[in-house]
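What follows draws every value from the coordinates through simple rules; no lab data is involved. Please read all numbers here as calculations on a predicted model, not as lab measurements. Methodologically, a virtual Cβ is constructed for each residue, glycine included, from the backbone with ideal geometry; neighbour enumeration extends over all protein chains shown.
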Amino acid sequence: MTGSGQDSGLQRLAGMADLLPLESKRWVAAEAIVRATMRQYGFGEIRCPIMEPTELFERGTGTATDIVQKEMYTFTDRGDRSVTLRPEGTPSVVRAFLEESLGAKRPSWKLFYIGPMFRAERPQQGRLRQFHQFGAELIGPAAPEADVELIALGDAMLRNLDVPVPRLVINSIGDKQARADHDAALRDYLTAPAAFARLCADCRRRTQTNPLRVFDCKNEQCQEVIAAAPMIDRFLTDEDRHHFDAVRAGLDRLRIGYEIDSRLVRGLDYYTRTTFEFKAAGLGAQDAVCGGGRYDGLVEVLGGPPTPAVGFAAGFERILAVSKLPVDEDRLDVFVCALGDAAFELTSQILAALRQLGLSADRDFLRRGLKAQMKEADRLRARSVLIIGDDEIAKRRFTLRRMDKAEQREIDAEPSQWTVDEFRK
RNA sequence: GUGGGUGUAGCUCAGCUGGUUAGAGCACCAGGUUGUGGCCCUGGUGGCCGAGGGUUCAAAUCCCUUCACCCACCCCA
């Protein structure tokens, strides 16, 4: 991980990671669970390019977001076009939805994706520059039941992935207008001389940059000030409230526990009404493991007809960091030990015959001594070892050693006489 | 982008206020068992001490720069 091995003068880029076989096994196992769960909930996989026109994110994710303002990997390609490594998946899905005219084919689509995302942030625990997400999008339905479906999917997914007791936090943030009005009201409240004077230095700055953050300040005085501040729900329409109530009722019916956090604002411009986040313990400051919400305006922003939608994205690295998923160790069925040139050459055919039987089989390629080959077989946790030397070739009988029982016997050298069980059982 | 911490063998780490051949455990290789693993014993390979520059008679040790990692802020998956 530190890259402190051989110094070839080449290092991987900051915030990017190599995954070695031991670790990649966990990933493949987790990905299989994600795909199986998605299928169970009726979502089909969509694979989009990891590079898109920069404009897609500027318009989709939103120019006001931190992501677009300071975190994108943006380049000029050979045709002088500005391209960007995707910082999130949703804009690509919506772009594809429009480009492939999906809305004209069916009124409702359930899509999921899984793959790398790129954000040029300062790396720290649970945050890489190339990281991996899976996400689900339900495009078409405006009903609160759709929101419930997505949250239920996220909940099931985290349980299937053995993430210990994730906490669900939900909120309703209304539409763009409501958020703007709330933001303005909050600024007015906080910058009024009496209130402003009691805020800490950080919070005074926050009144300019992100007034909502004052809610999270640990400073006691700031908490006193913010206690009476205007909350978002004051700016919601009746329809917004009904929608939120229906989402909550839906979650209650499914017995999915949640907390309402009226300060939960997500960092993307396009969210409307419902936002939610699953937080896991043990991740330090980056505890959001899955986050999403409704984005009724996004399709239109990207040039399509008004189309409601809900979705979420979940972080693979963070999930794996806390997941209790067991990974079963690989065991090799047969390791073939060859002694001498004749046996060494014969081994390829022996392997082919063993593999033909459906067994996993391997050998040594370094012409090492028997002891070294046995050690290798042990490292690979071989169930059995087939020993082939001059004696065996002459007798047309091979030695078969069962490693666990430390027993061995002779078997016919003719592969057509072999059965799977005598090697693996 | 800002702040703090760390960077010595493949891995985890010792190395006191600068001093001569840089150590341990594990891993790896070999021998003990001239054709047999896991345990044990013995030996061995392996490090321009992250990189570059500076101070000094002398630097892994002090200073600067840079790169990377870690943690936090910001924000998010």
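What to note about this one:
- Qualifying residue in region A:391-411 (condition: in a loop (DSSP other than H, G, I, E, B), away from RNA strand B (no atom under 14 Å from the Cβ) and without any contact (Cβ under 8 Å) to a residue 40 or more places away in the chain): no
- When A:Thr307 is tested against (1) surrounded by fewer than 19 Cβ atoms within 10 Å (Cβ to Cβ); (2) part of a loop (DSSP other than H, G, I, E, B), exactly one condition is not met: (1).
- Tally of residues being surrounded by fewer than 23 Cβ atoms within 10 Å (Cβ to Cβ), more than 7 Å from RNA strand B (Cβ to nearest atom) and farther than 13 Å from A:Gln125 by Cβ across region A:276-286: 2
- Test: residue in region A:65-85 that is more than 14 Å from RNA strand B (Cβ to nearest atom), under 17 Å from A:Ala313 (Cα atoms) and β-branched (Val, Ile, Thr): no
- Any hit, region A:53-60, residues being within 15 Å of RNA strand B (Cβ to nearest atom) and either of a type in the set (Asp, Glu) or surrounded by 15 or more Cβ atoms within 10 Å (Cβ to Cβ) (or both): yes
- Leading residue by the ranking (surrounded by the fewest Cβ atoms within 10 Å (Cβ to Cβ)) among those in region A:228-248 that are of a type in the set (A, V, I, L, M) and outside any helix (DSSP H, G or I): A:Ala228
- Per the listing A:Arg381, A:Arg368, the residue uniquely over 38 Å from the mean Cα position of the chain (by Cα), part of a loop (DSSP other than H, G, I, E, B) and surrounded by 13 or more Cβ atoms within 10 Å (Cβ to Cβ) is A:Arg368.
- Residues that are in contact with a helix residue (DSSP H, G or I) (Cβ under 9 Å, 6 or more places away or on another chain) and in a helix (DSSP H, G or I), drawn from region A:249-262: A:Ala249, A:Gly250, A:Leu251, A:Arg253
- Complete set of residues in region A:97-108 that are without any contact (Cβ under 8 Å) to a residue 60 or more places away in the chain and surrounded by 17 or more Cβ atoms within 10 Å (Cβ to Cβ): A:Leu102
- Filtered by the rule that a residue be among the small types (Gly, Ala, Ser) and either closer than 19 Å to A:Arg26 by Cα or within 16 Å of RNA strand B (Cβ to nearest atom) (or both), region A:126-155 gives A:Gly126, A:Gly135, A:Ala136, A:Gly154.
- Which listed residue, of A:Leu354, A:Leu359, is in a loop (DSSP other than H, G, I, E, B) and surrounded by 14 or more Cβ atoms within 10 Å (Cβ to Cβ): A:Leu359
- Candidates in region A:317-363 are the residues that are among the basic types (Lys, Arg) and more than 30 Å from A:Asp287 (Cβ to Cβ); of these, the one that is farthest from RNA strand B (Cβ to nearest atom) is A:Arg355.
- The lone exception for A:Val299 - which of (1) away from RNA strand B (no atom under 11 Å from the Cβ); (2) part of a loop (DSSP other than H, G, I, E, B); (3) surrounded by 14 or more Cβ atoms within 10 Å (Cβ to Cβ) it fails: (2)
- Being touching a Phe, Trp or Tyr at 6+ places or on another chain (Cβ under 6 Å), farther than 21 Å from A:Pro144 by Cβ and surrounded by 18 or more Cβ atoms within 10 Å (Cβ to Cβ) holds for only one residue in A:Val289, A:Val214, A:Val225, and it is A:Val289.
Okay, residues lined up against (1) in contact (Cβ under 8 Å) with a residue 12 or more places away in the chain; (2) within 26 Å of the chain's Cα centre (by Cα):
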| residue | (1), (2) |
| --- | --- |
| A:Pro230 | yes, no |
| A:Asp233 | yes, no |
| A:Asp238 | no, no |
| A:Arg241 | yes, no |
| A:Ala246 | yes, no |
| A:Asp252 | no, no |
| A:Arg255 | no, yes |
| A:Ile260 | yes, yes |
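- Single condition A:Arg179 does not satisfy, out of (1) more than 13 Å from RNA strand B (Cβ to nearest atom); (2) in a helix (DSSP H, G or I): (1)
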